[in-house]
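Scroll down for the structure; my scribbles are underneath it.
The values are calculated or read from the model by the stated rules, or taken from the named source; none is laboratory data. Because the structure is a prediction, the values reported are computed rather than measured. As a convention, Cβ positions derive from the backbone with ideal geometry for all residues, glycine included, and neighbour counts pool all protein chains shown. Only protein heavy atoms, including side chains, enter the accessible area calculation; ligands, DNA and RNA are left aside. Shrake-Rupley method; radii C 1.70, N 1.55, O 1.52, S 1.80 Å.
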Amino acid sequence: MGQWVTSIMEQFGYLGIFLMMTLENLFPPIPSEIILPFGGFMTTSSALTYTGVLSAATLGALIGAMLLYCVGMILDVGRLEKIVDRYGHILRLKRSDIYKADDWFDKYGYWTVFFCRMVPLLRSLISIPAGMGRMNFGIFILLTAIGSIIWNSILIGIGAVLGENWHHVSAFMDVYSNIVYALIIAGIILCVIWYIRRRKKGKL
């Protein structure tokens, strides 16, 4: 997968980066942890510029997010569950991933779209509950753009600094992903505990 992604980027430059980032939003097995650092490396080994790579990557992320937003508008949770049950093994998705993204959106509203753009896997999925909830499209695009620019600029910058060692970013991102998921789980557990205690106090 990684070799195919980098070969497309090398062959088509900015267009390749745009296409890969669009697909990365729609097809989670294509990781931004490869696309963006390699794009950063390309700014040191080709005619591509940092600004150009960032613009192409961010535009691709926006298009992908908009498409998933539209998917959310025409789907409900029941239909989404059936799709994940049937094709989840291909997309690396489980029902729990859908519930997680939906719960985050319900609890934290608009800011979820911004913060989840910097969380692996959720950065793509969060667009679906935003569409299902008919979130204001202008605000959705604005927060998605800001979150994507931050995420993209960091990983592209790291790739540029590391140069030929850009691939080391993947190992770091695996650790980052595990930490983020652990924090999410811990947060959910704390919320459940708080809710249970509040219910018990209410019955006293």
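Just a few scattered comments:
- As a fraction of the 1.4 Å probe accessible area of segment 115-158, surface on carbon and sulfur atoms comes out at 80 percent.
- Phi-based couplings in Hz for segment 17-27 (Karplus 6.51, -1.76, 1.60; Gly and Pro marked x): 5, 4, 5, 5, 6, 5, 5, 4, 6, 8, 9
- The phi-based Karplus calculation (6.51 cos²θ - 1.76 cosθ + 1.60; θ = phi - 60°) puts the 3J(HN,Hα) values of segment 39-47 at x, x, 4, 5, 5, 9, 10, 8, 7 Hz, whole numbers, x for Gly and Pro.
- Within the shell defined by Cβ-Cβ distances under 15 Å, the residues around Ser153 carry a net charge of +1, with Lys and Arg each +1 and Asp and Glu each -1.
- Net charge, Met42 excluded, C-beta distance under 13 Å - Lys, Arg +1, Asp, Glu -1: -2
- Near Ile17, once Lys and Arg are set to +1 and Asp and Glu to -1 for all other residues with Cβ below 13 Å from its Cβ, the sum equals -2.
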